[in-house]
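First the structure, in the form of structure tokens, and then the observations on it.
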Amino acid sequence: MKIVDMDFSISTKDRNQMLDITSRVRLAVEQSGITNGDVIVYCPHTTAAITINENADPDVPHDVLLTLNELIPHHRAGYRHCEGNSDAHCKSSLLGCSELVLLKNKSLNLGTWQGIFFCEFDGPRTRRVIVQIRGQ
Amino acid sequence: MKIVDMDFSISTKDRNQMLDITSRVRLAVEQSGITNGDVIVYCPHTTAAITINENADPDVPHDVLLTLNELIPHHRAGYRHCEGNSDAHCKSSLLGCSELVLLKNKSLNLGTWQGIFFCEFDGPRTRRVIVQIRGQ
Amino acid sequence: MKIVDMDFSISTKDRNQMLDITSRVRLAVEQSGITNGDVIVYCPHTTAAITINENADPDVPHDVLLTLNELIPHHRAGYRHCEGNSDAHCKSSLLGCSELVLLKNKSLNLGTWQGIFFCEFDGPRTRRVIVQIRGQ
């Protein structure tokens with residue numbers, strides 16, 4: 001069992017954005033030298049998230065963000081947190097701050113249409129993504 | 001540390017359906033020969049999800065699907081994705097495409113009322129579930 | 001590779017409550033003697049969840065719960081589950097019953113503002129949290 005920790009930075013451009021980081025995770029996996037096991041993609045921020053969804057058609061992330069923004073608008077009567085980003089904290093907990101991907105024969109074992117996204121909900125900002133690769 | 005990869009197919013019958021796959025996962029665990037560790041149940045599709053919830057009363061999955069359908073109706077003004085299943089992609093990211101279950105003394109360490117569900121949001125379809133069992 | 005299983009009990013005071021359990025998880029990690037790897041925080045209940053979010057300002061959990069309660073009110077026309085806690089089951093699946101945290105140099109590798117919360121959605125109750133620490 002081998003454990004390799006890596007991380008990388010990304011820059012987001014909008015307040016709400018889904019950024020495809022699949023190739024960055026794939027690169028980390030290649031550098032780790034691990035063949036079989038799993039990969040944790042972890043977001044150390046509380047106003048962002050990691051999700052897996054279709055990355056072939058950019059309309060999919062558009063529609064996911066549209067839905068999240070309609071369900072959880074920027075402002076809501078009753079919010080107490082003074083930074084004005086309570087919506088971002090809510091979205092972060094709903095999507096979750098990590099995803100787990102299996103690793104098989106040195107490749108990410110994603111489905112045909114699956115890509116890994118960093119979800120920005122309080123950008124633009126510079127953010128960090130942690131990747132832990134575990135296996136043999 | 002031993003890693004065993006398995007997968008199985010399921011057929012869903014409705015557009016939205018929660019299918020209890022606990023016994024299928026339990027069978028994979030038994031076949032793996034692993035005693036202690038954990039199990040990843042992974043859905044390689046972007047219009048479906050994996051969740052853990054009560055599987056004793058079928059009214060629970062009914063009410064979870066009812067809630068999801070009211071929050072995220074099939075059609076929403078502004079959707080761009082031309083396949084007409086943007087709602088399914090949203091539900092997939094909200095519930096997530098994997099769950100992790102602990103393995104103790106050759107058994108799934110689920111709570112008394114917990115079962116593992118495959119959540120179909122764009123069926124009926126034939127779907128694949130990947131199970132990775134890791135441990136000693 | 002070493003696997004250590006622990007658990008602890010907590011008591012919630014409200015029907016909906018986010019309880020910071022970071023120090024309890026940290027204590028389990030210290031007792032495990034494991035230096036690098038990961039920690040699974042698992043909730044064996046179907047009307048509760050685990051999430052990671054900001055624990056510096058108590059207004060953040062307040063606003064997350066406010067949003068969840070407005071999206072998923074206690075009662076909804078069409079609910080069939082006779083226990084009157086269908087909303088709690090929905091929230092449980094949306095937030096998820098586990099979180100995974102990386103472990104580095106004997107410490108939880110959380111972001112600056114991240115804490116681990118047990119989310120009660122059908123309290124007050126006595127609940128159990130399972131922690132599995134894995135690594136070297």
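P(r) tail for chain B: Cα pairs beyond 21 Å make up 42% of the total.
In terms of the Cα gyration tensor, with a ≥ b ≥ c the square roots of its eigenvalues, is segment B:15-77 rounded because a/c is under 1.5, prolate because a/b exceeds b/c, or oblate? It comes out prolate by the Cα gyration axes.
Couplings 3J(HN,Hα) for segment B:42-51, derived from phi with the Karplus relation 6.51 cos²θ - 1.76 cosθ + 1.60 (θ = phi - 60°), are 10, 9, x, 10, 9, 10, 8, 7, 10, 9 Hz, where x marks Gly and Pro. Less than 5 angstrom separates the built amide H of A:N16 from those of A:G123, all sequence-distant by 5 or more or on a different chain.
Placing unit charges on the Cβ atoms only, positive for Lys and Arg and negative for Asp and Glu, gives segment A:47-87 a dipole magnitude near 360 debye about its Cα centre. Copy-to-copy label distances for A:P58, where each label lies 7 Å from Cα along Cα-to-Cβ, are 4.5, 4.5 nm in order of increasing length. Cα centroid distance between segment C:110-124 and segment B:104-136, in Å? So the separation of the two Cα centres works out to 24 Å.
The A and C chains share an interface that buries close to 2700 Å² of accessible area, total over both sides, probe 1.4 Å.
Cross-linked pairs A:K106/C:K104; B:K104/C:K91; A:K13/A:K91; B:K2/C:K91: Cα-Cα separations exceed 29 Å for B:K2/C:K91.
Between identical copies, the spacing of B:E83 label points, each set 7 Å from Cα toward the C-beta atom, reads 3.5, 3.5 nm from nearest to farthest.
Between copies, the label points of A:S11, set 7 Å from Cα on the Cα→Cβ line, lie 5.3, 5.3 nm apart, reported in increasing order to one decimal in nanometres.
Going by the alpha-carbon gyration tensor, a ≥ b ≥ c the square roots of its eigenvalues, is the protein assembly as shown rounded (a/c under 1.5) or, if a/c is not under 1.5, prolate (a/b greater than b/c) versus oblate?
Numbers: a/c = 1.16, a/b = 1.16, b/c = 1.00.
Here the protein assembly as shown falls in the rounded category.
Going by accessible area, probe 1.4 Å, with all protein chains left in place, what is the ranking of B:F8, A:F118, largest first? Working shown, then result.
Working: B:F8 25, A:F118 0 Å².
These residues rank, largest area first, as B:F8, A:F118.
Our coupling estimate for segment B:110-125, obtained by passing each phi through the Karplus curve with A = 6.51, B = -1.76, C = 1.60 and θ = phi - 60°, is 8, x, 3, 9, 8, x, 9, 10, 8, 9, 8, 10, 8, x, x, 8 Hz, Gly and Pro reported as x.
Provide the per residue accessible area, probe 1.4 Å, for segment A:33-102, rounded to a whole number of square angstrom.
Heavy-atom SASA per residue in segment A:33-102 reads 27 Å².
In percent, rounded to a whole number, the relative contact order of chain C is 54, using alpha-carbon pairs under 8 Å and six or more apart. Between segment A:12-45 and segment C:23-66, the alpha-carbon centres lie 23 Å apart.
This model, with +1 at the C-beta of Lys and Arg and -1 at the C-beta of Asp and Glu, gives segment C:82-136 a dipole about its Cα centre of some 400 debye. Residues in segment B:61-75 carry Karplus couplings, in order, of x, 4, 6, 5, 5, 4, 4, 4, 5, 6, 6, 10, x, 3, 10 Hz; the curve used is 6.51 cos²θ - 1.76 cosθ + 1.60 with θ = phi - 60°, and Gly or Pro positions show x. Looking down the axis that turns chain A into chain B, the chain A residue with its beta carbon nearest that axis, and the gap rounded to whole angstrom, comes out as A:M1, 2. For chain C, set up a GNM with springs between Cα atoms under 10 Å and report which of C:C90, C:C82, C:C119 has the largest fluctuation. Among C:C90, C:C82, C:C119, the largest mean-square fluctuation in the Gaussian network model of chain C belongs to C:C82. Neighbouring Cβ atoms from other chains, within 10 Å of the Cβ of residues in C:107-117, number 3 on average. Under the simplified labelling scheme, the C:S9-A:L27 pair shows an inter-label distance of 5.1 nm, with each label point 7 Å from Cα along Cα→Cβ.
Take the alpha carbon gyration tensor of segment C:62-127, find the square roots of its eigenvalues, order them as a ≥ b ≥ c, and report rounded if a/c is under 1.5; if not, report prolate when a/b exceeds b/c, else oblate. Since a/c reaches 1.5 and a/b is larger than b/c, the shape of segment C:62-127 is classed as prolate.
Per DSSP helix of 4 or more residues, -39500 (n - 2.57); summed, then divided by the residues of the protein assembly as shown. What does that give at 222 nm, rounded to the nearest 500? Walk me through the numbers on the way to the answer.
Values: 9 runs with 102 residues, N = 408.
Calculated mean residue ellipticity at 222 nm is -7500 deg cm²/dmol.
The values are calculated or read from the model by the stated rules, or taken from the named source; none is laboratory data. Just so it is clear, the model here is predicted, and its values are computed rather than measured. Every residue, glycine as well, gets a Cβ built from its backbone with ideal geometry; the counts of neighbours run over all protein chains shown. Note: accessible area is taken over every heavy atom of the protein model, side chains too, but ligands, DNA and RNA are not part of it. Shrake-Rupley method; radii C 1.70, N 1.55, O 1.52, S 1.80 Å.
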